[in-house]
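The values are calculated or read from the model by the stated rules, or taken from the named source; none is laboratory data. Just so it is clear, the model here is predicted, and its values are computed rather than measured. We place every Cβ from the backbone using ideal geometry, glycine too, and count neighbours over all the protein chains shown. Protein only, heavy atoms only, side chains kept; ligands, DNA and RNA dropped before computing areas. Shrake-Rupley method; radii C 1.70, N 1.55, O 1.52, S 1.80 Å.
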Amino acid sequence: MVRPLLVIPLLAAAVGGIWLARGALQRWRDLQAAATYELAGDRWPMLARAGGAMVCGVCVTALTVLTALGAFGGLSHGGQGTDRAEPAVDAAAAGAWASGGAGRQQPAPPAATDPAAAGGAGAGATATPAAASRFDSVGHPGGGELLQSAVLGPDGKPRNVRVWLPAQYAKEPNARFPVVVMHAATPGKTADAEVPDVFEGVGAALQAGRARPFILVAPEAPNGTAHPCELVAAAPAAVADDATLRNTVAASFRTLPPGPASWGTLGVEGGAPCAAAAGLARPDLYGAAAAVSGRYDAAALTQTGAEAPAGSSAKLLLAAAKGDSAGLDAARKLQSALKSGAGPAAKAEVRISDNVQDYTADRERLRLVRQAAQFLADALAKAS
């Protein structure tokens, strides 16, 4: 209804512009003829018509652009901004979004999964229906694309979730990718706010061909405590078995089925205990975990590993810079505690990386993130 209304002033401006332009041209010819015979002529009528024709030309250009782009038509649908905070939309409706459209990521249909590969096969696991969520593009760090949406948390409240897609995601439209969930340590923040160079570190590992491409998911840390990862060590299932997050990501993007063959977890510095706890608590959900520059409650995490589902063993990388003596000491204590632990804890495969050394702490962290990305990609590739 709005576009046809734009045509009326467009035609009026075009007709008026043509009439004024012709009048200005006629007056100019009259002035030229008068100059030939050395007669004085009045230039103002010509200038007035020429100015009016220019104004009409500007109006025609503006109205043409608005009509072509459908700017008013798009606004008449209204409220696209209000949809951004919606935590989830129906999966069938999500397919209507055009791929690559103005900052939107087309939700991919969920892959067919069998219960054994879905990662939720643990006793008492509750099936959560898959629902695609609309993600908005917020940047292109590390050579990939960063998107954000609101997804329901374990407490039923919406929380921000950021998803980083590697460059290969757009280049390989039929491929499905492993997923790494990255934990934050600050309430109300995502991990990339604490470790801003994490995408550059992961992207560098992928571009160098040292790691298989994967999708990085960074959910917002829960509120209610100043140190969420300390609570995770005491109750790891609270973050490890985040079924809504797994199902939403799997329904919204081209991922491999959730499970130990294709999903891992990562934590850097304050988020490292969260990653270790998630990997030790649910090795049936996460095939590998990487914890970088962390400090750990060895007793609590060993108990967490001992209570993991039977028949599974965690794969854990504990990485710290060569000069980080406190971090390496914490890693070795956790490794020793797990070896002497009970049940699945004793079966955990724990590696310690202590060979990273560089000029600044930021460069060391970047190299550690690259190392963690390579470990996770390799572990998931072997599992699949």
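Given R0 = 56 Å, the distance between the Cβ atoms of Val55 and Gln168 translates into a calculated FRET efficiency of 0.65. In this simple spin-label approximation, Lys157 and Trp44 carry label points 7 Å from Cα along the Cα→Cβ vector, and these lie 7.1 nm apart. Probing with 1.4 Å while keeping every protein chain in the model, the per residue accessible area of the range 255-335 equals 28 Å². Between amide H atoms placed 1.01 Å from N, distances below 5 Å from Phe177 occur with Thr255, Leu256, all of them 5 or more places distant or on a separate chain.
Whenever you get a sec, compute what percent of the accessible area on the range 246-354 sits on carbon and sulfur atoms (1.4 Å probe). Roughly 49 percent, rounded to a whole number. Per atom type, the range 141-193 shows carbon and sulfur on 49% of its accessible surface, probed at 1.4 Å. Remark: relative contact order (the range 126-227) = 29 percent; criterion is Cα-Cα distance under 8 angstrom and separation of 6 or more residues. Applying a DSSP loop filter and a limit of 14 other Cβ atoms within 10 Å to the chymotrypsin sites (Phe, Trp or Tyr not before Pro) in the range 278-367 leaves Tyr359. Straight-line cross-link partners of Lys157 among the lysines, defined as a Cα under 24 Å from its Cα and at least 8 positions apart when in the same chain: Lys189. Loop-resident trypsin sites (Lys or Arg not before Pro) (DSSP state other than H, G, I, E or B) in the range 315-357 with no more than 16 further Cβ atoms inside 10 Å of their Cβ: Lys322.
Between Glu230 and Ser340, the contour length at 0.36 nm per residue exceeds the alpha carbon distance by 37.4 nm.
Whenever you get a sec, line up Asp242, Asp155, Asp329, Asp358 from highest to lowest accessible area (probe 1.4 Å, protein heavy atoms). Display every interim value, and only then the final one.
Values: Asp242 10, Asp155 110, Asp329 70, Asp358 35 Å².
The ordering from most to least exposed comes out as Asp155, Asp329, Asp358, Asp242.
Computed 3J(HN,Hα) for the range 297-304, one whole-Hz value per residue from the Karplus formula 6.51 cos²θ - 1.76 cosθ + 1.60 where θ = phi - 60°, is 8, 4, 5, 5, 5, 5, 5, 4, glycine and proline marked x.
For the range 289-295, backbone phi angles converted through the Karplus equation (6.51, -1.76, 1.60; θ = phi - 60°) give residue-by-residue couplings of 9, 10, 10, 10, 6, x, 10 Hz, Gly and Pro being listed as x.
Computing FRET efficiency as 1/(1 + (r/R0)^6) for Glu307 and His140, where r is the C-beta to C-beta distance and R0 is 35 Å, gives about 0.25. Amide H to amide H distances under 5 Å link Ile352 with Leu318, where only residues 5 or more positions off or on other chains count and H is placed in the peptide plane.
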